[in-house]
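Structure, as structure tokens:
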Amino acid sequence: MSKRVLFYLLTALTVMGMLLAACSPAQTSPEPTKAPQTGSQGGQDQPEPTQPPAKPAEKVTIRLTTWAGAGEAAELQQILDRINAENTDFQIVHEPAPDDYYTKVQTTLAGGTAADLIWLSQEWIANLASKGALLDITDYLKNDSSPAAQLDDYFPDVLKTAAYQGRYYGLPWIAQPVVLYYNKALFDAAGLAYPDETWTWETFKEAAKTLTKDLDGDGRNDQWGFTLNGWPPPQMFIWQAGGEVISNDLKSSPVDSPEAIKALEFYQEMIYSDVYAPPQATIQEQGFGEMFKAGKIAMFMGGAADDLDRVEGLDVGVAPVPAGPAGRPTFAWTASTVIAAQTKNPELAYKALVQLTEGIHGWKIVPPRKSLANAEAIGRIEPRKAASAEQIAKAVPDMRSFNILPRHQEWDSIFWGEFMDPLFQKKATPAELAPEIRKKLESVLP
């Protein structure tokens, strides 16, 4: 894969055989201390020897690996400290691995040294479940009344990313829909109304064109209406046009449909027209999100949890993404916690998983549960998002995740390396490339 495509993938989505070494089993407690008794021996009462006090059972260590950096790990540790204080039979020990995360996960699974609990983004679960690397928790869930174990409270399109062949291998802990961030000052200066639910692709394009300006008169634009470089994922725009990249039954990749072609033509036009967005070289030089934070970009499509609406010196609003010809579906970045299949403590690992999931649902937005994905809960969970909570909640009904394949990494490699990269470089049109690419994509379907 070219460096260009790696750049697109790294900036586009944060995204990231087998099995695992055991943690220490619980120690068996000695018999409880007996009260002294008396008995008759040689005409005298003789007390029985007193046994030493019982030692409390040692907690089983449940290892957790995540991609969390220092700040995120510190916040997560507060949740773990509370869980560990409330449980006498296990403790969760966090082993963050923010660098080369998925390489490390695959290496430890293959080498038998993986943690009990593992964070996985949606693209990885079917792959590892199909290889037997993950513990099937379906039957555990059936007998669990815990709130985080109630599958009917999860958004079905999010929950499916934790499933493989009708069985469940993890619990989602986040469903982060893409929303539209906009710089109010740049809109005010251009005399434009702020984005709202009435916006379509055409409204959006016209606004982006108006907001793209040569501010210093040197003949080159230095402010743009929008920016994209592989993020948001082109799949989102294909959905908005009424198309699909992987069918719900995982049997086809109709990237050559009229709807998909229309969406990709829109995507290609937005990327390669300086009328709407900065050139890719400028994005690479100045930074993708950094350009928005510097006030050089008027609109940015980011995740609901992004910090773009609390940048010092910027007055930033949040709105739903514009609607395409077939509606307003928005991509939801989704992740789950799973259990490695060869954990030696499956029951305790499952117990830890459910409690950890409940804890994260009170920390990360948007929780992937219907009962928690409302403006009031979002503002309570993340007070820094209180002003944006209502608009984020409006995006929730439209969010959807990818349809995931066991060989999803191979599918992605073809989609980005042989389809998106040539389109980004304008080496061909979507209509020219799509029919042949469809055949290649479908070669890795189940």
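The values are calculated or read from the model by the stated rules, or taken from the named source; none is laboratory data. If you're wondering where the values come from, they're calculated on a predicted model, not measured in any experiment. Because the Cβ atoms are built from the backbone with ideal geometry, glycine has one as well, and the counts that use them run over all protein chains shown. The accessibility values were calculated without ligands, DNA or RNA, using every heavy atom of the protein model including side chains. Shrake-Rupley method; radii C 1.70, N 1.55, O 1.52, S 1.80 Å.
Whether any residue in region 367-375 is at pLDDT 95 or above, of a type in the set (Gly, Ala, Ser) and touching a strand residue (DSSP E or B) at 6+ places or on another chain (Cβ under 9 Å) is what I want to check. The answer is yes; a qualifying residue exists.
Candidates in region 404-420 are the residues that are within 12 Å of residue 441 (Cβ to Cβ) and not in a helix (DSSP H, G or I); of these, the one that is most open to solvent (accessible area, probe 1.4 Å) is 407.
Table: residues versus (1) over 20 Å from residue 259 (Cα atoms); (2) surrounded by 17 or more Cβ atoms within 10 Å (Cβ to Cβ); (3) out of contact with any helix residue (DSSP H, G or I) (no Cβ under 8 Å at 6 or more places or on another chain).
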{"position": "357", "(1), (2), (3)": "yes, yes, no"}
{"position": "369", "(1), (2), (3)": "yes, yes, no"}
{"position": "383", "(1), (2), (3)": "yes, no, yes"}
{"position": "386", "(1), (2), (3)": "yes, no, no"}
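Tell me, please, whether a residue that is closer than 30 Å to residue 103 by Cα and among the polar types (S, T, N, Q) can be found in region 376-394. Taking every residue of region 376-394 in turn, none turns out to be closer than 30 Å to residue 103 by Cα and among the polar types (S, T, N, Q).
In region 378-393, the residue that is farthest from residue 329 (Cα to Cα) out of those that are part of a helix (DSSP H, G or I) and within 19 Å of the chain's Cα centre (by Cα) is 381.
Scanning region 359-377 for residues that are part of a helix (DSSP H, G or I) and within 20 Å of residue 72 (Cβ to Cβ) turns up 359, 360, 361. Listed by position, the helices (runs of 4 or more DSSP H) inside region 60-151 whose residues that are of a type outside the set (D, E, K, R), open to solvent by 50 Å² or more (accessible area, probe 1.4 Å) and out of contact with any Ser or Thr (no Cβ under 6 Å at 6 or more places or on another chain) number at least 3 are 70-86, 101-111.
Looking at 251, 213, 184, 205, just one residue is among the basic types (Lys, Arg), surrounded by 17 or more Cβ atoms within 10 Å (Cβ to Cβ) and over 23 Å from residue 366 (Cβ atoms), and that residue is 205.
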